[in-house]
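Visitor: Pasting a structure here, questions to come.
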Amino acid sequence: MITLASIILPRLEVFYLEEWIEHYLDLGVDKILIYNNGFNSIDGKNPCIKHMDKQELKRRRALQSAPNYMIWSKKPHLDYFPDYSDVEILDKLNDIDSKYNEVKVIPWVCGEDHDSPYPNSQNQMFARVLNDKKNNWVLNVDPDEYIVLKNHSNLKDFIDEYNDFNYFQFYGKTFTKRLRNKPIREIYSNCGLWLDGGSKWLAQVPQGSKIKKHNPHVLNFDTMNSKIFKDEKDIWFNHYKAEAELKEFDNIIKKHII
């Protein structure tokens, strides 16, 4: 059993979810848990804002695509689909929940379903999923991240190949951002940056093993036998990362494109 767990802001992700879900079902994922962070509830005391360069934050806000009440202040420049109401966004999410038997949408709003402001809400999500032993293998990727396997047809074949290990850590390539009404395969444009800033993981925590650390980029537990992939020889993820195109594409990335 492979369970994928991810936390989402519905306004950023809902119209991209079906392609992402089908990609991971094709890769052998058995269950997908989508934790719904809700509307206008991600900020709180956001450490990302505190440490962001003022000029960079000003640049992003100048590109703001939606009213203040809709946006995540770390990423005001993204497409928040302001032409859709909250009800329409939620209806779309519920339709996806109903369409796929393998998908479960879980309410995860701070102050209602838990008391951990973002980003700790994400860590609490992982604790909950990892402690549920029915999940067996747990995969951590975001909806803008697509795993690529070079030598295996699916993740179960990949796990079987490396059956001495119970923890895999892997990195990504930066791609240009997703676009409305376009499958990612139609905007397949590699920006050339390898070792995307944060790694992701696939893990099986044995019964009784103590989890020492868990976050979106690394997991640590007793009896961990890990294998880390830092190149594209076997497994990586394509990251459709909007920041790369907005800030870096012309002056850093473009020269790397073949």
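The values are calculated or read from the model by the stated rules, or taken from the named source; none is laboratory data. Quick caveat, the model's predicted, so the values are computed rather than measured. Reconstructed Cβ throughout: ideal geometry from the backbone, glycine too, with neighbour counts over all protein chains shown. To get the accessible areas, we keep the full protein, side chains included, count just its heavy atoms, and leave off ligands, DNA and RNA. Shrake-Rupley method; radii C 1.70, N 1.55, O 1.52, S 1.80 Å.
Visitor: Of everything in segment 149-203, what is modelled with pLDDT under 90 and among the acidic types (D, E)? Give them in sequence order.
Guide: E186, D196
Visitor: In addition: K45 - would you say it is at pLDDT 80 or above and open to solvent by 20 Å² or more (accessible area, probe 1.4 Å)? Lay out the reasoning, then the answer.
Guide: Values: at pLDDT 80 or above: no; open to solvent by 20 Å² or more (accessible area, probe 1.4 Å): yes.
The answer is no for K45.
Visitor: Still on this structure: In segment 65-117, which residues are among the small types (G, A, S), closer than 22 Å to R178 by Cα, at pLDDT below 90 and out of contact with any Pro (no Cβ under 9 Å at 6 or more places or on another chain)?
Guide: S73
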